[in-house]
Amino acid sequence: MEKVIIVFAFMLFAARSGWCETATPPLVVDFYNGLCSDIDVEATVGSVIASLYEQDPTIAAALLRLQFHDCFVRGCDASILIDGHDTEKTSPSNRMVRGFDVIEAAKSSLEAICPGVVSCADIIIMATRDAVSLAGGERYTVQTGRRDGTVSVAADVKTPAASISVTDSIKVFGDKGLTPTDMVYLLGAHTIGVARCSTFEDRLYNFSNTGEPDPTMDPTLRATLIDSCPRDITTDEDTVDLDQDPSSSSIVDSSYFKQILLNRGILQIDQELALDQWTQPIVNAIVQRSDFATRFGEAMVKLGAVEVLTGEQGQVRQFCNRIIEQQK
Ligand code: HEM
């Protein structure tokens, strides 16, 4: 009888802990070591990104946003890169997402020397890390071993809009396993890059349909933004820096947080981070501490682990913009 109880207890433990299920391997540091003979995969990506960054430093902002928009839809599986009718790329939320050509350039360098091994999903993560460090951020260690997804559907794209509340945003990030602190650090990505006037124009002229500007915006900032974004006539080319410290708007550092504490946030969500009772203490702490660079890297690594495919899941694409059709 005792034996039966022990065996039963063991089976229950195994079932509960997921030990019986087919395990998928975790992401690891240096996954590609030895998989491409003596080729250093991360260094290969690094040299492509360094040369493209030299030509166009705005690829750093492009890649940060690309990683976010990839990881939040079906996980970090490069599903955002796939071309076709009704794929994620075609969603209005992804219309201004850039950097696809950058990933494709790194992929083709790798395919030339080590075909069929390095996933596009991992290239997004490595390339973003490299671009962040070129833009003045800390070079964080990335985990790899992701596989590429085979599904990309525009209707799945539900990345948050600029007017999302802090409460709703905490929920959206929480659903991806990210804490409010992770969320605040990750929004620190708005320390570089630009936003189109249309994404915050309501704050200048008709906030929440009041016919008035957003009262939380610094009036001096509003005066400048009105010049760049005249009412109702802007195009996609009319953009402003997300970090309103001109000496630092292309540098990955904590100045975005200093700006939002001065009521100089551009997007509604940026400003609300500095005003909300839950996130304000986190913003204050970031400005007072000196480890933004390290903690931002850690948050990017967590973002890069959202709902990943590993092991036998998914595939490794040959070209990042198309899936490999499986033989039936
Ligand atoms: C609640 C969360 C977020 C919201 C609502 C949000 C919203 C936006 C919006 C509206 C823009 C301007 C896009 C346009 O003009 O079309 C933007 C730009 C950008 N976002 Fe976010 N974002 C969020 C989180 C993040 C995260 C987590 C990252 C990266 C880790 C990120 C990185 C960027 C970057 C770098 C840009 C500038 C892109 C460029 O210059 O091309 N954002 N974001």
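The values are calculated or read from the model by the stated rules, or taken from the named source; none is laboratory data. The structure displayed is predicted, hence computed values, not measured ones. Virtual Cβ from ideal backbone geometry, glycine too; neighbours counted across all protein chains shown. These area figures cover heavy atoms from the full protein model, side chains too; ligands, DNA and RNA do not enter into them. Shrake-Rupley method; radii C 1.70, N 1.55, O 1.52, S 1.80 Å.
A few notes on this one:
- Length gained on full extension, residue 278 to residue 233, computed as 0.36 nm times the residue gap minus the Cα-Cα distance: 12.6 nm.
- Those residues of region 247-261 whose amide nitrogen sits under 20 Å from the label point placed on residue 298, 7 Å along Cα→Cβ: 252-258
- Accessible-area composition of region 83-129, carbon plus sulfur, in percent [1.4 Å probe]: 56
- Average accessible surface area per residue within the chain, 1.4 Å rolling probe, Å²: 49
- Three-way shape call for region 166-303 based on the alpha-carbon gyration tensor, with the a/c threshold at 1.5: prolate
- Compared with the dominant Cα axis of the chain, that is its longest principal axis, helix 120-134 is turned about 40°.
- Largest mean-square fluctuation among 77, 130, 218, in a Gaussian network model of the chain whose springs join Cα atoms under 10 Å apart, belongs to 218.
- Percent RCO, i.e. relative contact order, over region 180-328, from Cα pairs under 8 Å lying at least 6 residues apart: 26
- Helix-only mean residue ellipticity at 222 nm for the chain, each DSSP H run of n ≥ 4 adding -39500 (n - 2.57), per residue, nearest 500: -13000 deg cm²/dmol
- A straight line joining the Cα centroids of region 144-180 and region 224-261 runs 24 Å.
- Relative to the Cα centre, the charge distribution of the chain, modelled as +1 at Lys and Arg Cβ and -1 at Asp and Glu Cβ, gives a dipole magnitude of about 720 debye.
- Dipole magnitude (debye, nearest 20) for region 166-303, charges at Cβ of Lys, Arg, Asp, Glu: 440
- Mean Cα-pair separation over length for region 147-258, i.e. relative contact order, pairs under 8 Å, 6 or more apart, %: 29
- Multiplying each eigenvalue of the alpha-carbon gyration tensor of region 28-156 by 5 and taking the square root yields semi-axes of 23, 18, 13 Å, largest first, rounded to whole angstroms.
- Residue-level accessible surface for residue 178, protein heavy atoms, 1.4 Å, Å²: 10
- FRET efficiency, 1/(1 + (r/R0)^6) with R0 35 Å, evaluated for residue 37 and residue 162 via beta carbons: 0.15
- Length-normalised contact order for the chain - Cα pairs under 8 Å, 6+ apart - percent: 25
- For the chain, lysine pairs separated by 8 or more sequence positions, or belonging to different chains, with Cα-Cα distances below 18 Å total 5.
- Rounded FRET efficiency, nearest 0.05, which uses the C-beta distance separating residue 95 from residue 319 and R0 of 22 Å: 0.50
- Net length gained if the chain between residue 205 and residue 54 were fully extended (0.36 nm per residue, minus Cα distance): 50.6 nm
- Heavy-atom accessible surface of region 166-303: percent carbon and sulfur, 1.4 Å: 51
- Each of 96, 177, 290 was scored by the projection of its Cα onto the charge dipole of the chain, and the greatest displacement toward the positive side belongs to 177; charges sit on the C-beta of Lys, Arg, Asp and Glu.
- GNM result for the chain, Cα springs below 10 Å: residue of 207, 292, 68 fluctuating most strongly: 207
- For the chain: Kirkwood Rh in Å [reciprocal of mean 1/r, alpha carbons]: 21.2
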